[in-house]
1. Compute the convex hull volume of the Cα atoms of segment 1-65, divide it by the residue count, and report the result per residue in Å³ as a whole number.
2. Quick one, can you get me the convex hull of the C-alpha atoms of segment 58-153 expressed as volume per residue in Å³?
3. Lysine pairs in the chain 8 or more apart or on different chains: how many have alpha carbons under 25 angstrom apart?
4. Counting GluC sites (Glu not before Pro) as exposed when in a DSSP loop with at most 15 other beta carbons within 10 Å, what is the longest stretch of the chain free of them?
5. Scan the chain and hand back the longest stretch that contains none of the trypsin sites (Lys or Arg not before Pro) lying in DSSP loops with at most 12 other Cβ atoms within 10 Å.
6. Please get the size of the charge dipole for the chain, origin at its Cα centre, with Cβ charges of +1 on Lys and Arg and -1 on Asp and Glu, quoted in debye to the nearest 20.
7. Kindly point out, ordered by number, any Cys in the chain whose beta-carbon has no other cysteine beta-carbon under 4.7 Å away.
8. Please work out the Kirkwood hydrodynamic radius for segment 1-140, using every pair of different C-alpha atoms, and report it in angstroms with one decimal place.
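Throughout, read-outs are computed from the coordinates displayed, never taken from laboratory work. In this text, all values refer to a predicted model and were calculated from it rather than measured experimentally. Neighbour counts run over all protein chains shown; Cβ positions are idealised from the backbone, glycine included.
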Amino acid sequence: MERITWDQYFMAQSHLLAMRSTCTRLAVGATIVRDKRIIAGGYNGSIAGGAHCIDEGCYVIDNHCVRTIHAEMNAIIQCAKFGVPTEGAEIYVTHFPCLHCCKAIIQSGIKAVYYAQDYKNHPYAIELFKQANVHVEQVPFDSTKVFSFLNKS
Ligand SMILES: [Zn+2]
Ligand SMILES: [Zn+2]
């Protein structure tokens with residue numbers, strides 16, 4: 001029986017998290033991993049108890065929805081909230097991180113970023129990751145393989 005790879009396993013988790021997103025513009029999921037263990041996860045959504053874009057519409061300023069906290073930020077904040085170290089961790093994200101998340105990822109000591117889809121990959125984010133020696137790699141998510149595994153029994 002062929003098992004899915006670690007990369008596909010963590011990427012599947014990020015895509016599952018993305019399904020909890022409350023923003024209608026883009027559904028993003030992020031999983032923070034240390035030593036092949038999931039230590040945190042996040043999706044883009046409003047602050048706890050806040051209005052959701054899916055109910056009230058997006059709050060758009062300068063073509064960005066400002067209502068939500070990004071998936072990567074939510075995952076890093078979860079680590080802060082529960083006192084879990086992010087130093088040397090890896091992050092699996094459904095989309096290439098924005099500039100703000102890029103900086104938060106670097107500053108939290110995360111050493112590798114695996115992303116499934118390109119998303120407005122900002123040249124400055126690419127430059128900052130390189131400068132900070134963060135390994136960045138595209139890992140396309142093969143959902144058919146993951147779900148066919150679940151259905152074959
Ligand atoms: Zn929104
Ligand atoms: Zn972001």
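1. Cα-based convex hull of segment 1-65, divided per residue, equals 116 Å³.
2. Dividing the Cα hull volume of segment 58-153 by its residues yields 144 Å³.
3. Counting lysine pairs in the chain gives 13.
4. Between exposed loop sites, the widest span is 3-86.
5. Between the exposed loop sites, the longest stretch runs 37-119.
6. 260 debye
7. Flagged as lacking a Cys partner: CYS79, CYS98, CYS101, CYS102.
8. With all distinct Cα pairs of segment 1-140 included, I get 15.1 Å.
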